[in-house]
1. Filter segment 52-67 down to residues that are among the polar types (S, T, N, Q) and under 20 Å from Pro110 (Cβ atoms) and give me whichever is surrounded by the fewest Cβ atoms within 10 Å (Cβ to Cβ).
2. Would you be able to tell me the number of residues in segment 24-37 that are in contact with a strand residue (DSSP E or B) (Cβ under 8 Å, 6 or more places away or on another chain), surrounded by fewer than 19 Cβ atoms within 10 Å (Cβ to Cβ) and farther than 20 Å from Leu143 by Cα?
3. I'd like the full set of residues that are surrounded by fewer than 23 Cβ atoms within 10 Å (Cβ to Cβ) and in contact with a Leu (Cβ under 8 Å, 6 or more places away or on another chain), limited to segment 100-115.
4. May I ask you to say which residue of Ser83, Ser72, Ser138, Ser91 is under 14 Å from the mean Cα position of the chain (by Cα) and of a type in the set (S, T, N, Q)?
5. Collect the residues in segment 130-147 that are assigned to a helix (DSSP H, G or I), of a type outside the set (Val, Ile, Thr) and closer than 19 Å to Val11 by Cα, keeping them in residue-number order.
6. So is Ala64 touching a residue at least 40 places away in the same chain (Cβ under 8 Å), within 29 Å of Arg152 (Cα to Cα) and not β-branched (Val, Ile, Thr) or not?
7. Under the condition of being free of Cβ contacts under 8 Å to residues at least 24 places away in the same chain and crowded, with 16+ Cβ neighbours inside 10 Å, which residue from segment 116-144 is farthest from Glu17 (Cα to Cα)?
8. So Arg51 passes all but one of these: (1) in contact with a His (Cβ under 8 Å, 6 or more places away or on another chain); (2) within 27 Å of Ala147 (Cα to Cα). Which condition number does it fail?
Amino acid sequence: MRLSELLTEAVVKVGLEAEDKEEAFEELMDLLVRAGSGVDREAALDVIRSREELQSTGIGRGLAIPHGKDPSIHKLTACLGISHEGIEYDSLDGELVRVVFLLLAEKDNPGPHIEALSQIAKLFMVEGFIEKLVSARSPGDVLAVFAEFEEREED
């Protein structure tokens, strides 16, 4: 699985306006709805919030991966937001979050969800990846960064 296959320009936002994680959830969910993802906005927000109550999905290095599974989700769905100012997120390392990769999955099909989380972790550990994402100025630039780094990792 390539993460770039989950993302389109319509579900990537450069310049998130959110100042905290709740605002980020709302802003990204609005992006998914406008993109015609078919996601039930309130159900998806509920699963994201419920997961967040267990432990912060702000995993460190400026990255958060809010995720959840729900019967209203019919296929693996993702969106990505970049914040140039940083978001108060209660991140595990205490730092502001600059990249939010939101992932929604089918309740009874964990395989694609786990694979996507694994790919996110792998790609975001590559030296320079997060920095290059944060410097992107458009959704097209973000997708180009994903394509470039995914190709490097496959070589």
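1. So the residue we want is Gln55.
2. Of the residues in that region, 0 qualify.
3. Scanning segment 100-115 gives Glu106, Pro112, His113.
4. Unique residue meeting the criteria: Ser83.
5. Within segment 130-147, Lys132, Leu133, Pro139, Gly140, Asp141, Leu143, Ala144, Phe146, Ala147 qualify.
6. In short, yes.
7. Phe129
8. Evaluating Arg51 over (1) in contact with a His (Cβ under 8 Å, 6 or more places away or on another chain); (2) within 27 Å of Ala147 (Cα to Cα) leaves (2) as the failure.
Quick note: the coordinates plus some simple rules give every number you see, no bench work behind them. Since the structure is predicted, the reported quantities are computational estimates derived from the model, not experimental observations. Here Cβ is always computed from backbone atoms with ideal geometry, including for glycine, and neighbour counts include all displayed protein chains.
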